[in-house]
1. Please specify each residue of the stretch 135-144 satisfying the condition of being closer than 14 Å to L65 by Cβ, open to solvent by less than 10 Å² (accessible area, probe 1.4 Å) and either among the hydrophobic types (A, V, I, L, M, F, W, C) or assigned to a helix (DSSP H, G or I) (or both).
2. Looking at the stretch 30-52 only, could you name the residues that are crowded, with 16+ Cβ neighbours inside 10 Å, at pLDDT 90 or above and out of contact with any Ser or Thr (no Cβ under 8 Å at 6 or more places or on another chain)?
3. If I ask for residues that are in contact with a helix residue (DSSP H, G or I) (Cβ under 9 Å, 6 or more places away or on another chain), of a type in the set (S, T, N, Q) and closer than 15 Å to P137 by Cα, which ones from the stretch 41-84 would you list?
4. Of all residues in the stretch 71-87 being farther than 21 Å from D219 by Cα and among the small types (G, A, S), which is surrounded by the fewest Cβ atoms within 10 Å (Cβ to Cβ)?
5. Test each condition in (1) closer than 23 Å to V74 by Cα; (2) surrounded by fewer than 14 Cβ atoms within 10 Å (Cβ to Cβ) for W206 and report the one that comes out false.
6. Give the stretch 88-134 a look and list any residue that's over 24 Å from N235 (Cβ atoms), under 16 Å from the mean Cα position of the chain (by Cα) and surrounded by fewer than 16 Cβ atoms within 10 Å (Cβ to Cβ), or say none.
7. So H215 clears everything in (1) part of a loop (DSSP other than H, G, I, E, B); (2) closer than 16 Å to I124 by Cβ; (3) in contact with a His (Cβ under 8 Å, 6 or more places away or on another chain) except one condition, right? Which one?
8. If you take the residues in the stretch 54-70 that are free of Cβ contacts under 8 Å to residues at least 12 places away in the same chain and more than 11 Å from I210 (Cα to Cα), which one is surrounded by the most Cβ atoms within 10 Å (Cβ to Cβ)?
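The values are calculated or read from the model by the stated rules, or taken from the named source; none is laboratory data. Note that this is a predicted model, so its numbers are computed, not measured. Positions of Cβ are backbone-derived with ideal geometry, glycine not excepted, and every protein chain shown enters the neighbour counts. Side chains are part of the model used for accessible areas, which takes the heavy atoms of the whole protein and leaves out ligands, DNA and RNA. Shrake-Rupley method; radii C 1.70, N 1.55, O 1.52, S 1.80 Å.
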Amino acid sequence: MSAAASAARARILPHGPLDLVRQLAIWFGFYYAYRYTRGVADRDSYEAFQNGLRVADVEHRLTGLWELSIQSFVASSGLLRELTSWTYWHSQFTVLGLVLLFVYLRRNWAFVQLRNTLLLANLIGLAGFVLVPTAPPRMFPELGFVDTLAGFGINHDSAIVRNDANPYAAMPSLHAADALIVGVGLFLVIRSRWRYLWLLWPLWVWFSVIATGNHFWLDILAGIVVAAVAAAVVNYRHVRDWYRHVRGRFARPVPA
């Protein structure tokens, strides 16, 4: 193989084809582990509905169910209904998969940290789904919530959706956690001035999951906490060095 061909392959696959296969195996292995855990998490629908009602009650006491206003606003626009439904359905797998592929191929130095942060966040979320299964707002039409995805042509009772989605995975919101990790991660690794637009991605996803009736704002808050914990654990050394730097600046002795 010529030097030019070797250099071209190195640019496309930084660590060779076997490493790409290994990364795909890790990710798809996690995906099938998620599907198995989904089968464990959705066995007690009664508990899931009770937990969902508890979340709604806490929100009602704190701020009122203002998510209903967002749903009403989005329902007035066919374009918004389409965009929010598309975002909910594709942000978790399609966009996430493309982002991981882009970082692996073009910003490989950051790939392991991004991958590990996402995997840890999703593992924490899976533990939450098993311990505290929670029904999403769309399952409470008596409270005024609407399943907008049904109007988008997505049937939650279809075999495909049942196999690929956990119906009681509202708390914490992994849509919220993954969108935050992706948005901040791409902002940090992309050099273009347009990278600031990626900071809007988590805000849009949070808006979309509320608009489609799939999460309460407390679910989103829990997802943000999950993302922050995962990022802090995976990037422990950077967090530790930053903390020492800040502490050192404020702990300098005062001149006598």
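1. Those that are closer than 14 Å to L65 by Cβ, open to solvent by less than 10 Å² (accessible area, probe 1.4 Å) and either among the hydrophobic types (A, V, I, L, M, F, W, C) or assigned to a helix (DSSP H, G or I) (or both): P137, F140.
2. Answer for the stretch 30-52, where residues must be crowded, with 16+ Cβ neighbours inside 10 Å, at pLDDT 90 or above and out of contact with any Ser or Thr (no Cβ under 8 Å at 6 or more places or on another chain): just F49.
3. The one that is in contact with a helix residue (DSSP H, G or I) (Cβ under 9 Å, 6 or more places away or on another chain), of a type in the set (S, T, N, Q) and closer than 15 Å to P137 by Cα: Q71.
4. Ranking the qualifying residues of the stretch 71-87, first place goes to S76.
5. It fails just one condition, (2).
6. Result: H90, F93, T94.
7. (2)
8. Restricting to residues being free of Cβ contacts under 8 Å to residues at least 12 places away in the same chain and more than 11 Å from I210 (Cα to Cα), the top hit is R54.
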